[in-house]
1. Residues in the stretch 225-238: is at least one more than 23 Å from Val149 (Cβ to Cβ) and modelled with pLDDT of 75 or more?
2. Restricting the search to the stretch 106-141, which residues are open to solvent by less than 50 Å² (accessible area, probe 1.4 Å) and free of Cβ contacts under 8 Å to residues at least 60 places away in the same chain?
3. Take the residues of the stretch 60-78 that are farther than 30 Å from Val152 by Cα and either touching a helix residue (DSSP H, G or I) at 6+ places or on another chain (Cβ under 7 Å) or polar (S, T, N, Q) (or both): which is surrounded by the most Cβ atoms within 10 Å (Cβ to Cβ)?
4. Can you find, within the stretch 49-81, the residue that is farthest from Ser100 (Cα to Cα) among those that are hydroxyl-bearing (Ser, Thr, Tyr) and within 13 Å of ligand 1 (Cβ to nearest atom)?
5. Could you figure out which of (1) out of contact with any Asp or Glu (no Cβ under 6 Å at 6 or more places or on another chain); (2) small (Gly, Ala, Ser); (3) at pLDDT 85 or above isn't true of Gly153?
6. Filter the strands (runs of 3 or more DSSP E) completely within the stretch 97-207 down to those with at least 3 residues that are of a type outside the set (Val, Ile, Thr) and farther than 23 Å from Arg77 by Cβ.
7. Quickly run through the stretch 142-184 and pick out the residues that are open to solvent by less than 20 Å² (accessible area, probe 1.4 Å) and among the β-branched types (Val, Ile, Thr).
Amino acid sequence: MESVLLPSLLLVAAYPRGVSSHHEWRQSPPVPSGTSTPFLVRLSPELEAVPPGGSVWLNCSHSCPLPVRSSLRTQLRQGKTLSGSGWVSYQLLDVRAWNSKVRCVVTCAGETREATAMITAYKRPRSVIMEPPVLMGHKYTLRCYVIHVFPVGFLVVSLRRGGRVVYFESLERFTGSGLANVTLTYVMRAGPNDLWQPLTCHARLNLDGLVVRSSSAPVMLKVLALSPVSKAFASASIAALVGILLAVGTVYVRKYLAVQTQL
Ligand SMILES: *[C@@H]1O[C@H](CO)[C@@H](O)[C@H](O)[C@H]1NC(C)=O
Ligand SMILES: *[C@@H]1O[C@H](CO)[C@@H](O)[C@H](O)[C@H]1NC(C)=O
């Protein structure tokens, strides 16, 4: 007669973490012996992750002992610059592309060399929340919310029962340019073996080698015994919707995978 237990929800809060940056000299091609001055160019950090709309400073330094011409080539908007002996620091503003290449080009005594850096804009979900399952007849409706994530086109949301993936959905067809909320709804038939198995929801951003994972606190399917209420439901046929609801700004995108379920 019991229906569904409702463990309390837990917010998995997380903030974008900077990608560790490497401080290596990018060695330019070997210098032919003779006339030209050997020098090195370095752009640091080489890899930086910022929240969408954020800004970043990149430091281009070189070992040329002479006065140089140096410039930063990028599609990103440039802000302030600072400079000192052997270096120029550039501010890049409003980073919204999820991946941007930046080049620093330095000319020393007639010879030109460059160093590159990559700026990634992403936002780890502020939270991934699994709602307590709702029992109707023999079926549970599972709902998972992924809040404030970017870029949503690189997101895969999956549901696991006892650690095994029961359903996943890739959002690669969505190209929103801002923070998004994703709601995944899934209707699952559960048998006695499914009781006490933790259900979790997982969000994975796969950014060209940088993988960012967040997951929900587990919820449990507890008791399957039919209550009078669920018996009533069992005798009826109800429509259940399975799918993804994506909110980006004020735009909502829906995709329903299965519309009719027979109980
Ligand atoms: C830029 O890099 C140079 C060389 O590593 C360093 O001396 C300088 O302080 C840096 N400037 C800034 C603003 O970080
Ligand atoms: C996403 O969810 C958060 C928290 O519920 C809400 O504050 C925000 O307005 C939502 N954003 C969109 C684009 O729906």
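1. no
2. Thr107 - this is the single residue of the stretch 106-141 that is open to solvent by less than 50 Å² (accessible area, probe 1.4 Å) and free of Cβ contacts under 8 Å to residues at least 60 places away in the same chain.
3. Here the answer is Ser61.
4. Residue satisfying both the conditions and the ranking: Ser63.
5. Single failed check for Gly153: (1).
6. Result: 139-149, 155-161, 164-170, 180-189, 198-207.
7. Residues satisfying the conditions are Val146, Val149, Val152, Val157, Val182.
The values are calculated or read from the model by the stated rules, or taken from the named source; none is laboratory data. Here the structure is a predicted model, which is why all the values come from computation and not from measurement. Don't worry about glycine lacking a Cβ; one is built from the backbone with ideal geometry, like all the others, and counts go over all protein chains shown. These accessible areas exclude ligands, DNA and RNA; they are computed on the full protein's heavy atoms, side chains included. Shrake-Rupley method; radii C 1.70, N 1.55, O 1.52, S 1.80 Å.
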